[in-house]
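One structure below.
The values are calculated or read from the model by the stated rules, or taken from the named source; none is laboratory data. Remember, it's a predicted structure, so these values are computed and weren't measured experimentally. In this analysis, Cβ positions are derived from the backbone assuming ideal geometry, glycine residues included, and neighbour counts consider all displayed protein chains.
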Number of protein chains: 2
Amino acid sequence: MKSHEMKDEGQGDLNVPRRNLLVGAGALAAGMLLTKAGGLLGTAQAKAQAITETWPWPYVKLDPDETAELAYNEWYRVYCGAGVFSSIFSQLREKVGEPYTLIPIDAFIFLEGGMVGWGTICGSNAGANLVTNMIIGPRTAGSDDGMLMGSEIMQWYSDTQLPTYKPKNPRISAEIPTTISNSPLCHVSVGRWMKATGKHLGSDERRDRCARVTASVAHQTVTLLNQWHDGKYRTKGTIPAASYGIQTQHNCTSCHGSNVPMPPMAKR
Amino acid sequence: MKSHEMKDEGQGDLNVPRRNLLVGAGALAAGMLLTKAGGLLGTAQAKAQAITETWPWPYVKLDPDETAELAYNEWYRVYCGAGVFSSIFSQLREKVGEPYTLIPIDAFIFLEGGMVGWGTICGSNAGANLVTNMIIGPRTAGSDDGMLMGSEIMQWYSDTQLPTYKPKNPRISAEIPTTISNSPLCHVSVGRWMKATGKHLGSDERRDRCARVTASVAHQTVTLLNQWHDGKYRTKGTIPAASYGIQTQHNCTSCHGSNVPMPPMAKR
């Protein structure tokens, strides 16, 4: 479903008239040449800005297994969100250069633990969305594929026995059980795995499980980006808010049980 | 609480030996001069990368009210996450220039609706964390203040009657009631407000409420960044995962009711 088709769904936030915003974005890019004080920004600055705000970014196909192994090892340096991001951007820095060299990979470490340990969105999902939206671009730049690919990855994450990826060079020898999270949230994903395994948060197994989940999401992200690069990407991503009258995931009963509140709905 | 003090809390993810990582980050920055193929990246690229991966970034104090008004209006263009980000970065692009000019503001539109309409972390919280962590830097670069300021903002967001900010030039004339979310999540924050007001997701009031929440978070973020710039920032931010043996927010009963599961804990 395209975001610009959703005006009648009561969605609101996800309903930007694309052409207006294309004009807006273009005007912004041009306008940034002039500072408020009326001076001209340096040409190098203007050029760099144009590079990072022109979509889609140049992309070359990456090997999903190599990317996953990088992500697995990067988890032990920068954790889930920055791990997914780094595994893809570090390769594209080498193979493409700009604009990938301009983005500070390590700035995304805070995504760990569902954002600074708050257990909200799993960092690997946030990292995947950052990657797809930076490369393909925001929906205002001509394609909904960046956001819908991010949404597709969150649904895949929720429905899949994770981790799917087994590292070539695992850091621990123990078998890592898999679980289905039914949610894109760190707290639910880690909690269900801990309940199934009896392993505590600081255990080597829990840590390696999250490193492997990070690798699994990086693998999936590159698999979809490669399809997109070949012109073969047909999204399975949806915008759940369009169906329920509130921003939400698709399985209300997973948290609410049998007592799901009904949001106020627009009169039709 | 400092992340490097948390080894014994069973935290794991939020426990990076800082000095090791400083060496790692330095080595990465230097190493990026050499591509895998052995060639040298262009000097301009290496320089730009050094600029975005050297922390803290140059910051000048911003006016919280002006920032909030910018964020309020940007919500109607790019919504909550990119709205907070844009209100701060657009000013710093003009007042400072690089590295702010190098980051693609509109790439963060996907944060809307709790990430592509999934209702997870409220985009304004995600946007605030992106801002504080890009400017102050990740905890591996010498200070925990970026992540702890982000955490402090999430706690403030959860505990405060929002929105706090009233726009100078409101888009609608209706009074906008305030509510306390008890959560940093979009779904809970919007849901509680909709329940209290009976307004549906696509209503002008709900949309303006979220624009004002975005403005409120931008105001709070700049207030704290200004304190930090003056050397007066003393964080109230915590890492909830350290207290509960799982990544989570501080109020388990808000979702779980009286039946809060206990995560497996490490033997002491």
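Only one residue in B:Gly137, B:Gly119 is touching a Cys at 6+ places or on another chain (Cβ under 6 Å), buried (at least 19 other Cβ atoms within 10 Å of the Cβ) and at pLDDT 95 or above, so which one is that? From the options B:Gly137, B:Gly119, the qualifying one is B:Gly119. Evaluation of B:Gly202 against the conditions (1) surrounded by fewer than 19 Cβ atoms within 10 Å (Cβ to Cβ); (2) over 27 Å from A:Gly113 (Cα atoms) shows that the sole unmet condition is (1).
Suppose the filter is in the same structural domain as B:Ala128 (by TED's automatic domain parsing), in contact with a Leu (Cβ under 6 Å, 6 or more places away or on another chain) and in contact (Cβ under 8 Å) with a residue 60 or more places away in the chain; does B:Val217 pass it?
For B:Val217, the condition - in the same structural domain as B:Ala128 (by TED's automatic domain parsing), in contact with a Leu (Cβ under 6 Å, 6 or more places away or on another chain) and in contact (Cβ under 8 Å) with a residue 60 or more places away in the chain - is not met.
Determine whether the stretch B:241-249 contains at least one residue that is on the phi > 0 side of the Ramachandran plot and surrounded by fewer than 22 Cβ atoms within 10 Å (Cβ to Cβ). Checking the stretch B:241-249: at least one residue is on the phi > 0 side of the Ramachandran plot and surrounded by fewer than 22 Cβ atoms within 10 Å (Cβ to Cβ). When the test is whether a residue is over 21 Å from A:Thr140 (Cα atoms) and within 14 Å of the chain's Cα centre (by Cα), B:Ala82 does not pass it.
Can you tell me which residues in the stretch A:104-122 are in a loop (DSSP other than H, G, I, E, B) and either polar (S, T, N, Q) or more than 7 Å from chain B (Cβ to nearest Cβ) (or both)?
Matches in the stretch A:104-122: A:Thr120, A:Cys122.
When A:Arg212, A:Arg234, A:Arg192, A:Arg206 are checked against the criterion of being of a type outside the set (A, V, I, L, M, F, W, C) and assigned to a loop (DSSP other than H, G, I, E, B), A:Arg234 stands alone in meeting it.
Summed over the stretch A:85-100, residues that are within 8 Å of chain B (Cβ to nearest Cβ) and in contact with a Gly (Cβ under 9 Å, 6 or more places away or on another chain) total 2. Residue check: B:Gln45 meets all listed conditions (1) modelled with pLDDT of 95 or more; (2) in contact with a Gly (Cβ under 6 Å, 6 or more places away or on another chain) but one, namely (1). Restricting the stretch A:244-265 to residues that are in contact (Cβ under 8 Å) with a residue 12 or more places away in the chain and among the small types (Gly, Ala, Ser) leaves a set whose member that is farthest from B:Ser254 (Cα to Cα) is A:Gly245.
Of the residues making up the stretch B:237-260, those that are more than 7 Å from chain A (Cβ to nearest Cβ) and part of a loop (DSSP other than H, G, I, E, B) number 9. Of all the residues in the stretch A:184-212, those that are more than 9 Å from every other protein chain (Cβ to nearest Cβ) and closer than 14 Å to A:Ser158 by Cβ number 4. Scanning the stretch A:194-209 for residues that are touching an Asp or Glu at 6+ places or on another chain (Cβ under 9 Å) and hydroxyl-bearing (Ser, Thr, Tyr) gives a single hit, A:Thr197.
Is it the case that some residue within the stretch A:227-236 is in contact (Cβ under 8 Å) with a residue 40 or more places away in the chain and buried (at least 23 other Cβ atoms within 10 Å of the Cβ)? No, because not a single residue in the stretch A:227-236 is in contact (Cβ under 8 Å) with a residue 40 or more places away in the chain and buried (at least 23 other Cβ atoms within 10 Å of the Cβ).
Taking into account only those residues within the stretch A:150-175 that are in a loop (DSSP other than H, G, I, E, B) and crowded, with 22+ Cβ neighbours inside 10 Å, which is nearest to the other protein chains (Cβ to nearest Cβ)? Steps first, please.
Start the filter on the stretch A:150-175 by keeping residues that are in a loop (DSSP other than H, G, I, E, B), which leaves A:160-161, A:163-175.
Imposing the further condition that a residue be crowded, with 22+ Cβ neighbours inside 10 Å reduces the set to A:163, A:165.
Values: A:Pro163: 15, A:Tyr165: 18 Å.
Only one residue fits best here, namely A:Pro163.
Going through (1) closer than 24 Å to B:Tyr76 by Cβ; (2) more than 10 Å from the chain's Cα centre (by Cα); (3) more than 7 Å from chain A (Cβ to nearest Cβ) one by one, B:Asn125 falls short only on (2).
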